[in-house]
Structures are given as C-alpha cells and as structure tokens.
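The values are calculated or read from the model by the stated rules, or taken from the named source; none is laboratory data. As the structure is a prediction and not an experimental result, all values here were calculated from the model. Don't worry about glycine lacking a Cβ; one is built from the backbone with ideal geometry, like all the others, and counts go over all protein chains shown. Side chains are part of the model used for accessible areas, which takes the heavy atoms of the whole protein and leaves out ligands, DNA and RNA. Shrake-Rupley method; radii C 1.70, N 1.55, O 1.52, S 1.80 Å.
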Amino acid sequence: MDWLTDNKLPLGKLIKVAVDWLNTNAAWLFDAVSSSLGFVIDGLIDAMQWCPPLALVVLFVGLSFWLHRSWKLSAFVAAALLLIINLGYWEETVETLALVVFAALVCMLIGVPLGIAAAHRPWLYAGLRPILDLMQTIPTFVYLIPTLILFGLGVVPGLISTVIFAIPAPIRLTHLGISSVPKPLLEAGEAFGATRWQQLWKVELPHALPTIMAGLTQCIMLSLSMVVIAALVGAGGLGKPVVRALNSVNIAQGFEAGLSIVLVAILLDRLCRRPNHSTDGS
C-alpha cells in the first residue's frame, strides 16, 4: 500500500491555492459582499431591537392567529416569547431570528427557481444532485474555514455557511413538488391552451405549494441548527451563550439558551406551516 499513500493526490493543496488566489485577487469583491450583507443584517437586527419586546410579542401573536386562526397556537407563541424575555435572552433571540429569516429568504429566492428549472430539465438535476449531496454531507467546519478566510470574522461567514448548508432542502423539495404534478393535470392545462408560464403559475406551483412550504420549514430548521456553529466565527444570537456555557461548563446557562433555541424552532415551524383555517378553534 506504500505506493498508493506515497502518490497522494494534492486535492487539499489545490483548494488552498484556489482560496489564496481568490483572497489575493478578489479581496475587494468579498469585502463588498461582506459589507453589504453585514449592513442589511445589522439594519434588520437594529429595526427589530428598536421595537419594544412586548410590541413584537403582540405582533407575532397577531400574525399567528391571522395565519392559522388558532387560539392555542397564539397562546403558545405568547408564552414562548414571554419565557424567552423572562430568561434574559431576548436580544440574542432577535439576532437569531434576523439571521434565520434572512438565510431562509436567500435560500428560497435561489432554491425555488433552481428546483423549478431542475424539474423541467432532468440533465440539470443530474448535475446538481452530487453538488447537493456534497453540500449536505460535508462537515460544516470544512467550508467554514474558507468563508472565514474570505469574509473575515462576523455574521457574514456564518450566514454564508448557513445558506450553503440549508439551500439543498428547498431545491430538492421544489424539484420533488414540481416533478410530482400529475400528468392528467398538465394535459388538462394544455387542452385549455395554457402557455408554459400559465402552466407553471396556475397548475404546477399551486399543486407543489405544500411540498415547497415543507422545503421552507426544513430550511428554517437547518438554519437554526447552524446557530451555535455560526457563533464560533463571530455571529451573534443564541449560539453565543451556548458557546460560553460550553467553555465554562455552565449547565444552567447552556440549558436556558438551548431551550430558547428550541422554542424559536417550534415557533417558526408552526408559523410557517400551511395555514389551516379551521373553525373548531384548535
């Protein structure tokens, strides 16, 4: 086996050379992206923190009732947010919400069109599939290193790493939803003279909407799972107290911060589910 190990392929060195070249020749571009994204996220965080906490609680409760017509869900949203305020993690929760919402928005804006295109072009999905597998299975810290080198410490490398990790979900589920539209439904649209765009907007997307919404939920959950990892490169949010608790072996702080992350995850999952306007109040 010596001949195999002695002739090691220089894959790692090639990646290092590529990252170093980008860092040397395109630093202006990465600085511009970092500054722009940092400005947008900081502005979103500042806007949410400017609003009084109780006002935001009322806003979320009203939004949940408007979407789902469920007083039980609204009561849970109010109780969860008030508990987070009581534990003293409101500012960190706002930062996490801003990061997750922004990351999910970017993932959906990129992932849904890519999923639609891949559903209509099998060759495109065949090319995307190994890339998506790589993005979902490669250890997060592996691509966190080049993003940290290119974008520096702060929220931006955490955001980009979160997008890389979460974007396969909306692409795959959008592809699944569009691909699973029944053929008779498509043929009925064609029989009525629908154009390709009319087929997409009036037949395919309405049928695939539950699956696309499941992709949004998965994207949010995957983004939240990156909260602690993003905190290691300077991103704010609920990951910071978790990292501090880990460093100091503070069980109480770790449990409280972890519970806050769980509550945010459940809250966002319930809010982003497809609305069900039932009349039984449940």
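So which residues in the range 177-197 are in contact (Cβ under 8 Å) with a residue 24 or more places away in the chain and open to solvent by less than 30 Å² (accessible area, probe 1.4 Å)? Within the range 177-197, 177, 178, 181 meet the criteria. In the set 88, 38, only one residue is surrounded by fewer than 17 Cβ atoms within 10 Å (Cβ to Cβ), of a type in the set (Gly, Ala, Ser) and modelled with pLDDT of 85 or more; that residue is 88. Taking residues in the range 39-65 that are farther than 16 Å from residue 96 by Cα, and partners anywhere that are open to solvent by less than 40 Å² (accessible area, probe 1.4 Å) and not in a helix (DSSP H, G or I), the pairs with Cβ atoms closer than 8 Å and at least 6 places apart or on different chains are 59/51; 64/70. In the range 206-220, the residues that are under 16 Å from residue 103 (Cα atoms) and in contact (Cβ under 8 Å) with a residue 60 or more places away in the chain form Cβ pairs under 8 Å with partners that are open to solvent by less than 40 Å² (accessible area, probe 1.4 Å) and outside any helix (DSSP H, G or I), at six or more places apart or across chains, as follows: 219/167. Take residue 121 and tell me if it is touching a helix residue (DSSP H, G or I) at 6+ places or on another chain (Cβ under 7 Å) and of a type in the set (Lys, Arg). No. Within the range 238-250, the set of residues being under 16 Å from the mean Cα position of the chain (by Cα) and either among the aromatic types (Phe, Trp, Tyr) or in a helix (DSSP H, G or I) (or both) comprises 239 only. Among the residues in the range 23-34, are any under 24 Å from residue 223 (Cα atoms), surrounded by 17 or more Cβ atoms within 10 Å (Cβ to Cβ) and among the β-branched types (Val, Ile, Thr)? No, every residue in the range 23-34 fails to be under 24 Å from residue 223 (Cα atoms), surrounded by 17 or more Cβ atoms within 10 Å (Cβ to Cβ) and among the β-branched types (Val, Ile, Thr). With respect to the conditions (1) touching a helix residue (DSSP H, G or I) at 6+ places or on another chain (Cβ under 7 Å); (2) under 21 Å from residue 122 (Cα atoms); (3) at pLDDT below 85, residue 227 lacks only one, and its number is (2). Condition test on residue 162, is it among the hydroxyl-bearing types (Ser, Thr, Tyr), over 24 Å from residue 123 (Cα atoms) and surrounded by 20 or more Cβ atoms within 10 Å (Cβ to Cβ)? Criteria met by residue 162.
When you look at residue 235, is it touching a Leu at 6+ places or on another chain (Cβ under 8 Å), in a helix (DSSP H, G or I) and touching a residue at least 60 places away in the same chain (Cβ under 8 Å), yes or no? Taking the combined requirement at face value, the residue does not satisfy it. Residue by residue through the range 158-186, note down the ones that are in a helix (DSSP H, G or I) and either among the small types (Gly, Ala, Ser) or touching a Pro at 6+ places or on another chain (Cβ under 9 Å) (or both). Across the range 158-186, the qualifying residues are 158, 161, 166, 169, 174, 177, 179. Screening residue 168 against (1) under 14 Å from the mean Cα position of the chain (by Cα); (2) farther than 21 Å from residue 129 by Cβ leaves a single unmet condition, (2). Within the range 92-123, the set of residues being open to solvent by 40 Å² or more (accessible area, probe 1.4 Å), part of a helix (DSSP H, G or I) and not β-branched (Val, Ile, Thr) comprises 92, 95, 105, 109, 113, 114, 120, 122, 123.
All of 200, 224 fail the test of being surrounded by fewer than 22 Cβ atoms within 10 Å (Cβ to Cβ) and in contact (Cβ under 8 Å) with a residue 24 or more places away in the chain, apart from 200. Of everything in the range 187-201 that is over 19 Å from residue 121 (Cα atoms) and touching a helix residue (DSSP H, G or I) at 6+ places or on another chain (Cβ under 7 Å), the residue that is modelled with the lowest pLDDT is 194.
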